[in-house]
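**Student:** The following block contains the structure, expressed as structure tokens.
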């Protein structure tokens, strides 16, 4: 049902100005509820027509005042219609605020994005991760550069966003920034979140992503074999820093912890469980999911090796991520490993070489890795040739009696 809507201009006679003029007020009525505001216009009461809500006469003052009132009326009508089209729920207060521009401090894309990032930064270390925050900042910087380059402005109104903006931004990331499809996909997700937040807050009426789609491409996630892990362990280095980075990488290979979760470990995370064994009990920084890991002999020895070496209360003396990331590449080459070794390979190696190849159920592995879904664990899970060979050998042994009977009968 359509709302009853009315605009009335009247004089605020109980508050005349010192020069004898009286302020003009505007009253908006929607379904019997009113909201009013000052028109920032003072008039002579003798020339005011109460019935029409306008100035009388043809003087310059009267004509200018009436022109201003007409402009206000048109603006209020537009604000009313916009609200009707947007959510079909109209109040006098909403029309007044829309006309006056109240509550519209974040009408531009980058302003909304900046505010989001400021709020997000306050949650880092509590319920949000530092790396997710960095990603939002990266997307913001790319958008800012794209808007300056493409539109020659510092920001763009949310209402101006169209599907073409999204496809043009993807082209910018692909050609100007030389990003691959998966990187573009990972940047579009935070951008889409900002758009949905704007829609939910009423700052944006239409979703510019509605006709856009991008699919993440499947990639081969590398891992180290038993032989390659052994090559790392047997490696000797002149630099003590290389030995430390190697040991930390091996620690992750036998715990499945990411670099961040390993770096955050303290002695409080080590707890003796009901089975009498020492366990790591922590929450993943990326997802907040609880992770419980029984310490195997290899990581336990690494902890004892570096006991007391950390000065900040951490369990292990972990160098900064760039040093670890770059260092493990150099170390792998020195050990004769030809693969392009990344730090996250340690987590893949734990899932594939250490666990699945030794018959650990994927449900148990998923719990240990702190995944919310087994589908995520399946991305890490690779079936090695050795695993296939061992499984086929077990199958062959199980089928041996039946095979002997069949062979004798043939």
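Just so you know, all these numbers are worked out from the coordinates, no wet-lab data involved. Computed from a prediction, not measured in an experiment: that's the story for all the values here. Heads up, the Cβs are rebuilt from the backbone with ideal geometry, glycines too, and the neighbour counts pull from every protein chain shown.
**Student:** Need the full-extension length gain, residue 134 to residue 192, defined as separation in residues times 0.36 nm minus the C-alpha distance. One decimal, nm. Walk me through the numbers on the way to the answer.
**Tutor:** Values: separation 58, 0.36 × 58 = 20.88 nm, distance 1.63 nm.
The span from residue 134 to residue 192 would gain 19.3 nm if fully extended.
**Student:** Next question. Using only Cα atoms and rounding to the nearest 10 degrees, what angle (0 to 90) does helix 60-87 make with the longest principal axis of the chain?
**Tutor:** 30 degrees
**Student:** So for 60, 30, 124, fewest C-beta neighbours within 10 Å to most, what's the order?
**Tutor:** On the way: 60 8, 30 20, 124 15.
Listing 60, 30, 124 from fewest to most nearby Cβ atoms yields 60, 124, 30.
**Student:** Sum -39500 (n - 2.57) across every DSSP H segment of at least 4 residues in the chain, then divide by the residue count to get the 222 nm mean residue ellipticity, nearest 500. Walk me through the numbers before you get to the answer.
**Tutor:** On the way: 15 runs with 201 residues, N = 410.
Estimated from H runs of four or more residues: -15500 deg cm²/dmol.
**Student:** Determine, from the Cβ-Cβ distance of residue 183 and residue 292 and an R0 of 35 Å, the FRET efficiency 1/(1 + (r/R0)^6), rounded to the nearest 0.05.
**Tutor:** On the way: r = 33 Å, r/R0 = 0.94.
According to the calculation, E is roughly 0.60.
**Student:** Continuing with the same structure: Provide the gained length on full extension for the span residue 329 to residue 306, in nm with one decimal, where the gain is 0.36 nm per separating residue minus the Cα-Cα distance. Present the calculation step by step, with values, prior to reporting the outcome.
**Tutor:** Values: separation 23, 0.36 × 23 = 8.28 nm, distance 2.22 nm.
Taking 0.36 nm per residue and subtracting the Cα distance, the gain is 6.1 nm.
**Student:** Here's something else I'd like to know. For the residue pair residue 126 and residue 236, what label-to-label distance in nm results when each label sits 7 Å from Cα along the Cα-to-beta-carbon direction?
**Tutor:** My value for the distance between the label points is 5.2 nm.
**Student:** Moving on to the next point. For the chain, take the longest principal axis of its alpha carbons; what is the angle in degrees between that and the long axis of helix 130-151, to the nearest 10 within 0 to 90?
**Tutor:** Roughly 50 degrees between the two axes.
**Student:** First measure r as the distance between the Cβ atoms of residue 52 and residue 159, then evaluate 1/(1 + (r/R0)^6) with R0 = 30 Å and state the FRET efficiency to the nearest 0.05.
**Tutor:** Calculated transfer efficiency: 0.30.
**Student:** Between residue 393 and residue 33, what is 0.36 nm times their sequence separation minus the Cα-Cα distance? Round to one decimal in nm.
**Tutor:** Numbers: separation 360, 0.36 × 360 = 129.60 nm, distance 8.12 nm.
Gain on extension, residue 393 to residue 33, equals 121.5 nm.
**Student:** Counting other beta carbons within 10 Å of each Cβ, put 209, 191 in order, fewest first.
**Tutor:** Fewest to most other Cβ atoms nearby, the residues stand as 209, 191.
**Student:** Using the count of nearby Cβ atoms within 10 Å as a rough guide to exposure, how do 48, 185 rank from fewest to most? Don't jump to the answer; show the numbers that get you there.
**Tutor:** Details: 48 20, 185 15.
Ascending Cβ contact count within 10 Å gives the list 185, 48.
**Student:** Using the 2.2 N^0.38 Å rule of thumb for compact globular proteins, work out how the range 256-302 stacks up: its C-alpha Rg over that value, please. Provide the component values of the computation, followed by the final result.
**Tutor:** On the way: Rg = 10.6 Å, N = 47, 2.2 N^0.38 = 9.5 Å.
Rg over 2.2 N^0.38 Å, computed on Cα atoms: 1.11.
**Student:** Please report Rg (one decimal) and Dmax (integer) in Å for the Cα set of the chain.
**Tutor:** Gyration radius and largest Cα-Cα distance of the chain: 33.6, 122 Å.
**Student:** If the convex hull of the alpha-carbon atoms of the range 226-389 is projected onto planes in all directions, what is the mean projected area in square nanometres?
**Tutor:** Numbers: hull surface 39.9 nm².
It is 10.0 nm².
**Student:** Need one number: the % of Cα-Cα pairs in the range 109-200 sitting beyond the 17 Å mark. Intermediate values should be presented prior to the final figure.
**Tutor:** Working: 2039 of 4186 pairs.
Beyond 17 Å sits 49 percent of the P(r) for the range 109-200.
**Student:** Next up: Helix 321-334 versus the longest principal axis of the chain: what is the Cα-based angle in degrees, 0 to 90, to the nearest 10?
**Tutor:** 30 degrees
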